[in-house]
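Student: This is the structure I have questions about; it appears just below.
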Amino acid sequence: MKVTLRPIAVLLFTCAAVPGWAQGYPNKPVRILVGYAPGGGTDIMARQIGQKLTESLGQQVIVDNRAGGGGVIATEIVARAPADGYTLLLGTPGQLVTLPLLTAKLPYDAVRDFAPVTQVVTSPQVLVANGKLPVATVAELITYVKARPGQLNYASVQTGGTGHLGMELLKQAAGLEMLHVPYKGTAPALTEMIAGQVQLMFTSLPSVQPHVTAGRLKLLATGAARRTPAIPDTPTLSETIPGYELVTWYAVFLPHSTPAAIVNRLHAVLVKILLSPEIERQFAQNGVEPANSTPQQLAAYMRAETERWGKVIRTSGIRLE
């Protein structure tokens with residue numbers, strides 16, 4: 001689900017909420033913490049947003065990559081940072097929704113330790129199949145798998161990650177039996193799927209588009225709530241399984257107890273950036289869409305996502321030690 005406000009309503013909300021003294025913020029460089037290595041999707045989004053924030057705030061905005069632990073290292077740094085608006089997190093559902101459901105050994109509390117600012121990006125996951133699998137639609141896939149319980153394999157790049165949980169949700173919704181095969185990255189997973197060692201996978205569109213064009217993989221559906229403009233002829237999973245949705249999102253967070261005036265100041269600036277045609281074009285080139293929400297909407301969305309994925313995780317019995 002993409003949380004989006006009408007542009008005029010957003011600007012009215014933010015302008016009304018920012019007192020005059022907050023206009024003095026910031027007066028020194030700002031850091032955006034990214035929990036993944038340079039060059040990945042999260043890093044690219046952070047740098048595009050960071051460049052625009054630098055222009056809008058009049059202070060340098062530095063992207064600080066702290067890869068490790070599935071984003072845990074960067075998330076902990078922000079949780080423990082001073083609540084002064086100078087340390088931001090570009091967070092993902094893995095860091096703030098699913099990991100807390102999968103393990104109790106996190107050095108932060110996803111609810112208590114952060115102040116939501118706004119959602120910034122949604123990236124629909126796509127369902128792809130080996131090019132030789134004799135199915136062309138989700139309905140055909142369901143029939144094919146049901147006739148072969150436990151015989152098909154699906155790949156993911158991380159146990160408990162978006163692709164893994166998305167397939168578990170599909171299995172539960174359609175009553176399917178398939179074997180999970182985890183990999184240590186998208187590239188090896190795609191290599192094995194092209195070779196036929198695994199048959200299915202959820203992933204991002206840019207990572208598989210060349211293979212789909214070459215016929216090595218089949219694009220069956222998108223997990224977006226509505227058809228994706230980049231692939232308008234590709235149906236959504238919800239057209240076959242009502243209510244099914246699978247997207248990756250990115251959102252900006254500050255440490256808990258950051259003054260509301262600073263939260264609202266950043267919110268106002270970010271929303272203006274996200275509504276710009278330039279950012280929309282840049283994001284489209286990466287297969288993602290700009291999004292925005294009020295802090296309250298983002299918090300409510302995360303609660304709903306926690307409930308939804310909590311049910312999937314409990315039913316499937318997935319757990320990280």
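The values are calculated or read from the model by the stated rules, or taken from the named source; none is laboratory data. In this text the structure is predicted, and so the values were computed from the model without any measurement. Note that we place each Cβ from the backbone using ideal geometry, even for glycine, and neighbour counts take in every protein chain shown. SASA here: full protein model, heavy atoms, side chains in, ligands and nucleic acids out. Shrake-Rupley method; radii C 1.70, N 1.55, O 1.52, S 1.80 Å.
Student: Where in the stretch 64-182 are there strands (runs of 3 or more DSSP E), lying wholly inside it, with at least 1 residues that are of a type in the set (Gly, Ala, Ser) and under 16 Å from the mean Cα position of the chain (by Cα)?
Tutor: Output list reads 87-91, 114-130, 153-156.
Student: Test of understanding: among Thr54, Thr98, Thr103, Thr92, which residue is within 18 Å of Leu254 (Cα to Cα), among the hydroxyl-bearing types (Ser, Thr, Tyr) and open to solvent by less than 40 Å² (accessible area, probe 1.4 Å)?
Tutor: The match here is Thr92.
Student: Show the residue pairs meeting these rules: Cβ distance below 8 Å; 6+ apart or different chains; first residue within the stretch 275-286 and free of Cβ contacts under 8 Å to residues at least 60 places away in the same chain; second residue not in a helix (DSSP H, G or I).
Tutor: Partner pairs satisfying both residue conditions: Glu280/Glu289; Glu280/Pro290; Ala284/Pro229; Ala284/Ala230.
Student: Has the stretch 198-216 got at least one residue that is in contact (Cβ under 8 Å) with a residue 60 or more places away in the chain, over 30 Å from Gln172 (Cβ atoms) and not small (Gly, Ala, Ser)?
Tutor: Checking the stretch 198-216: not a single residue is in contact (Cβ under 8 Å) with a residue 60 or more places away in the chain, over 30 Å from Gln172 (Cβ atoms) and not small (Gly, Ala, Ser).
Student: What do you reckon, is Ala299 assigned to a helix (DSSP H, G or I) and in contact with a strand residue (DSSP E or B) (Cβ under 8 Å, 6 or more places away or on another chain)?
Tutor: Spelling it out, Ala299 is indeed assigned to a helix (DSSP H, G or I) and in contact with a strand residue (DSSP E or B) (Cβ under 8 Å, 6 or more places away or on another chain).
Student: Suppose the filter is in contact with an Asp or Glu (Cβ under 9 Å, 6 or more places away or on another chain) and touching a residue at least 60 places away in the same chain (Cβ under 8 Å); does Val97 pass it?
Tutor: Considered against the rule, which asks whether it is in contact with an Asp or Glu (Cβ under 9 Å, 6 or more places away or on another chain) and touching a residue at least 60 places away in the same chain (Cβ under 8 Å), Val97 comes out as yes.
Student: Sticking with this one: Can you give me the number of residues within the stretch 226-279 that are assigned to a helix (DSSP H, G or I), crowded, with 21+ Cβ neighbours inside 10 Å and of a type outside the set (A, V, I, L, M, F, W, C)?
Tutor: 3
Student: Further question on the same structure: Among the residues of the stretch 27-52, what is the count of those that are modelled with pLDDT of 90 or more and more than 15 Å from Gly71 (Cα to Cα)?
Tutor: Residues in the stretch 27-52 being modelled with pLDDT of 90 or more and more than 15 Å from Gly71 (Cα to Cα): 11 in total.
Student: Next question, about the same structure. Quick check on my filter: what residues within the stretch 191-208 are open to solvent by 10 Å² or more (accessible area, probe 1.4 Å), assigned to a helix (DSSP H, G or I) and either closer than 29 Å to Gly68 by Cβ or small (Gly, Ala, Ser) (or both)?
Tutor: Thr191, Glu192, Ala195, Leu205, Pro206, Ser207 - these are the residues of the stretch 191-208 that are open to solvent by 10 Å² or more (accessible area, probe 1.4 Å), assigned to a helix (DSSP H, G or I) and either closer than 29 Å to Gly68 by Cβ or small (Gly, Ala, Ser) (or both).
Student: Consider the stretch 257-307. How many of its residues are modelled with pLDDT of 95 or more and among the charged types (D, E, K, R)?
Tutor: 5
Student: Given the criteria over 20 Å from the mean Cα position of the chain (by Cα) and surrounded by fewer than 20 Cβ atoms within 10 Å (Cβ to Cβ), does Thr213 qualify?
Tutor: yes
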